[in-house]
Amino acid sequence: MHTIIAPIITGFCLGASAIIAIGAQNLFILRQGLKQEHILPIILLCACVDAILIMASVLGVGRTVGTLPYVTDILTYAGAAFLIWQGISALRHMMSSTTIILDEQPRQSLRKVMTMTCGFTLLNPHLYLDTVLLMGSVSLSQPEAGRPYFGLGAVLASFVWFPLLGYGARVLKPVFSSPLAWRVLDGLTAAIMLTLAGTLLYHAAGPG
C-alpha cells in the first residue's frame, strides 16, 4: 500500500505547487469564479488538458530515458532548477501587491469564454514546462512501478485545485481584495517548490 500512497502524495504535492502559483490562467479562473460565469466547462477543460499532458509525460519519459545514458541526471537537475526558478518567482510575487479588480461587464457567451480559456491554457508556456519537463523529470526519481501513481497524484491536484478556485472564488471575494492574501499564497507556494527542489537535488546527489 505504501508503494501506491507515497507516489500519489508526492505527485499531488508537486502538482499542487505547480498549478497554485499565480499566473494568467489562475487569475482568469478566479475572475470567472468571482463572476460565477461558465465555471464547470472552464475547470473541466483546464483539468483535462493537465491530465493528458501529465500522464503522457510520466509514462513516456520513463521508457525513453531507459535507453539513454545520463538523461535521468540531466532531467532531474533541470526539474530542480525549474522548481527553484518558480519558487523564486513566487517570492517576488509575494513582495508585490496583486489585487483582483472586477469590472461591471455583461455576461459573456460560452463560446467566447471557452476560447479565452483555451488561450490562457494552451498558449501558456508554463503549462508545458510544468507537465512535460517538471513532471516527467521528477517522475524519474520514483520507482518505475510507482510512476503511474505519481502521475495520478499530479492529475488529482488539478481536479481538486481548479474546482476549488472556480467555485470557492465567491466565498473568497472579500479575502482576495487584500494584497496580503496573495502574499500568503505566494509564500506557501514558494516554500513548497523550494522544499521539493531541495529534496530532488538531495536524492540526485545521494548514493545509488
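We did not get these values from a lab; they are worked out from the coordinates using the rules stated. Worth saying up front: this structure is predicted, and the values here are computed from it rather than measured. Don't worry about glycine lacking a Cβ; one is built from the backbone with ideal geometry, like all the others, and counts go over all protein chains shown.
Per residue, the average separation of C-alpha pairs within less than 8 Å and at least 6 apart gives the stretch 2-205 a relative contact order of 50 percent. In order along the stretch 114-121, the phi-based Karplus estimate (6.51 cos²θ - 1.76 cosθ + 1.60, θ = phi - 60°) of 3J(HN,Hα) comes to 5, 5, 5, 4, 4, x, 5, 8 Hz; Gly and Pro are listed as x. Extension gain, R92-A24: 0.36 nm per intervening residue step, less the Cα-Cα distance, totals 22.9 nm. Computed 3J(HN,Hα) for the stretch 140-149, one whole-Hz value per residue from the Karplus formula 6.51 cos²θ - 1.76 cosθ + 1.60 where θ = phi - 60°, is 5, 7, 8, x, 4, 5, x, 5, x, 6, glycine and proline marked x.
Put a dot 7 Å past the Cα of L164, heading toward its Cβ, do the same for K112, and the two dots end up 3.2 nm apart. Packing here is the average count of other Cβ atoms within 10 Å per residue, and on that basis the peptides 112-124, 8-20, highest first, run 8-20, 112-124.
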